[in-house]
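Student: Here it is: the structure, laid out below.
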């Protein structure tokens, strides 16, 4: 089922926006005009990822700099301790990802 969550024109290139689709809190990122949706909260300490940064496909959490691939939610690097060393195992830290469909300038999430 497709749920409209945002307008494509409202998310600038490299931008992130928090949305709600059904009972899911998501963050949508615009990578050069392509849109991707993943769970809104970091899997480490649940920081809101829309406050993070998006550089290419790399979504970085604003709290401890954990990084994800926004295309599929895969955790790429763990949160960083004060020493600059990742502090956890990534095996179970991936985000859920959701299919995005564009229809007439509307961003739709397939739930």
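The values are calculated or read from the model by the stated rules, or taken from the named source; none is laboratory data. Only a predicted model underlies this, so the values are computations on that prediction, with no experimental measurement involved. Virtual Cβ from ideal backbone geometry, glycine too; neighbours counted across all protein chains shown.
Student: What about residue 51, is it without any contact (Cβ under 8 Å) to a residue 40 or more places away in the chain, more than 16 Å from residue 97 (Cβ to Cβ) and exposed (fewer than 14 other Cβ atoms within 10 Å of the Cβ)? Even if it seems obvious, please write down each step before you answer.
Tutor: Details: without any contact (Cβ under 8 Å) to a residue 40 or more places away in the chain: yes; more than 16 Å from residue 97 (Cβ to Cβ): yes; exposed (fewer than 14 other Cβ atoms within 10 Å of the Cβ): yes.
It is true that residue 51 is without any contact (Cβ under 8 Å) to a residue 40 or more places away in the chain, more than 16 Å from residue 97 (Cβ to Cβ) and exposed (fewer than 14 other Cβ atoms within 10 Å of the Cβ).
Student: Let me ask something else. All but one of (1) surrounded by 16 or more Cβ atoms within 10 Å (Cβ to Cβ); (2) in contact with a strand residue (DSSP E or B) (Cβ under 7 Å, 6 or more places away or on another chain); (3) farther than 15 Å from residue 100 by Cβ hold for residue 17; state the number of the condition that does not hold.
Tutor: Unmet for residue 17, out of (1) surrounded by 16 or more Cβ atoms within 10 Å (Cβ to Cβ); (2) in contact with a strand residue (DSSP E or B) (Cβ under 7 Å, 6 or more places away or on another chain); (3) farther than 15 Å from residue 100 by Cβ: (3).
Student: While we're here: Kindly indicate whether residue 11 is surrounded by 15 or more Cβ atoms within 10 Å (Cβ to Cβ) and either in contact with a helix residue (DSSP H, G or I) (Cβ under 9 Å, 6 or more places away or on another chain) or free of Cβ contacts under 8 Å to residues at least 40 places away in the same chain (or both). Let's see the steps before the verdict.
Tutor: Details: surrounded by 15 or more Cβ atoms within 10 Å (Cβ to Cβ): yes; either in contact with a helix residue (DSSP H, G or I) (Cβ under 9 Å, 6 or more places away or on another chain) or free of Cβ contacts under 8 Å to residues at least 40 places away in the same chain (or both): no.
No; evaluated as a whole, the condition is false for this residue.
Student: While we're on this one: Please indicate, with yes or no, whether at least one residue in region 24-40 is outside any strand (DSSP E or B), in contact with a strand residue (DSSP E or B) (Cβ under 7 Å, 6 or more places away or on another chain) and surrounded by 14 or more Cβ atoms within 10 Å (Cβ to Cβ).
Tutor: Initial filter on region 24-40 (outside any strand (DSSP E or B)): 32-33, 40.
From what is left, the residues that are in contact with a strand residue (DSSP E or B) (Cβ under 7 Å, 6 or more places away or on another chain) are 40.
With the extra rule that they be surrounded by 14 or more Cβ atoms within 10 Å (Cβ to Cβ), the set shrinks to 40.
Looking through region 24-40, at least one residue is outside any strand (DSSP E or B), in contact with a strand residue (DSSP E or B) (Cβ under 7 Å, 6 or more places away or on another chain) and surrounded by 14 or more Cβ atoms within 10 Å (Cβ to Cβ).
Student: Right, here's the next one. Does residue 102 qualify as being modelled with pLDDT under 95 and in a strand (DSSP E or B)?
Tutor: Spelling it out, it is not the case that residue 102 is modelled with pLDDT under 95 and in a strand (DSSP E or B).
Student: Quick test for you: out of 45, 111, pick the one residue that is surrounded by fewer than 16 Cβ atoms within 10 Å (Cβ to Cβ), at pLDDT below 95 and out of contact with any strand residue (DSSP E or B) (no Cβ under 7 Å at 6 or more places or on another chain). Walk me through it before giving the result.
Tutor: Details: 111 fails: out of contact with any strand residue (DSSP E or B) (no Cβ under 7 Å at 6 or more places or on another chain).
After applying the criteria, what remains is 45.
Student: Identify all residues within region 11-23 that are within 17 Å of residue 108 (Cβ to Cβ) and in a loop (DSSP other than H, G, I, E, B); write none if there are none.
Tutor: Result: 11, 22, 23.
Residues are listed down the side, and each one gets a yes or a no for (1) surrounded by fewer than 20 Cβ atoms within 10 Å (Cβ to Cβ); (2) at pLDDT 95 or above; (3) assigned to a strand (DSSP E or B); (4) under 15 Å from the mean Cα position of the chain (by Cα):
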| position | (1), (2), (3), (4) |
| --- | --- |
| 71 | yes, yes, no, yes |
| 83 | yes, no, no, no |
| 88 | yes, no, no, no |
| 91 | yes, no, no, no |
| 107 | no, yes, yes, yes |
